[in-house]
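The values are calculated or read from the model by the stated rules, or taken from the named source; none is laboratory data. Note that the structure is a prediction, hence the values are computed from the model and not measured. Cβ placement follows ideal geometry from the backbone for every residue including glycine, while neighbour counts extend to all protein chains displayed.
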Amino acid sequence: MISTWSEWKRYPRAGRGENLEAPISPGIYEVRIAGSGALYSFGAVDNVAHALALLPVGSRTWFGRRDPKRMPDLEYRTCATSTKADAKAAAEHMIGRRETYMSGAA
């Protein structure tokens, strides 16, 4: 079973004590650049919260720390599912819809 998408939320920035709000279950996540709406990352995973927490954002300095000035302003949303198979099926359906839209818009 597939639930509905959450509202868009600001992706937490390192060093600010902000937290991710995401299900600890299978589902889909989508991350976009806030200013342009360009897709940054998308996936169907076993644990949405874990996948978002591991998302590589920003660039690392020579000492291994993230450079907050180079990190884009990101937003994310999530959609919980019952199983990873449901998440994959929903993701494939979304990708198919985007491809159809883009081919018609070209």
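Before moving on, here are some points about what is shown:
- Members of the range 4-43 found to be part of a loop (DSSP other than H, G, I, E, B) and among the β-branched types (V, I, T), listed by number: T4, I24
- Scanning the range 57-80 for residues that are among the polar types (S, T, N, Q) and either part of a loop (DSSP other than H, G, I, E, B) or modelled with pLDDT of 60 or more (or both) gives T61, T78.
- Among residues of the range 38-62 that are farther than 16 Å from E21 by Cα and of a type in the set (V, I, T), those with a beta-carbon under 7 Å from a residue that is part of a loop (DSSP other than H, G, I, E, B) and at pLDDT below 85 at least six positions away or on a different chain give the pairs V57/M71.
- Qualifying residue in the range 8-22 (condition: exposed (fewer than 14 other Cβ atoms within 10 Å of the Cβ) and in contact with a helix residue (DSSP H, G or I) (Cβ under 7 Å, 6 or more places away or on another chain)): no
- Residue, surrounded by the most Cβ atoms within 10 Å (Cβ to Cβ), within the range 81-103, restricted to residues that are small (G, A, S) and modelled with pLDDT of 80 or more: A87
- Any hit, the range 2-9, residues being of a type outside the set (S, T, Y) and within 18 Å of K84 (Cα to Cα): yes
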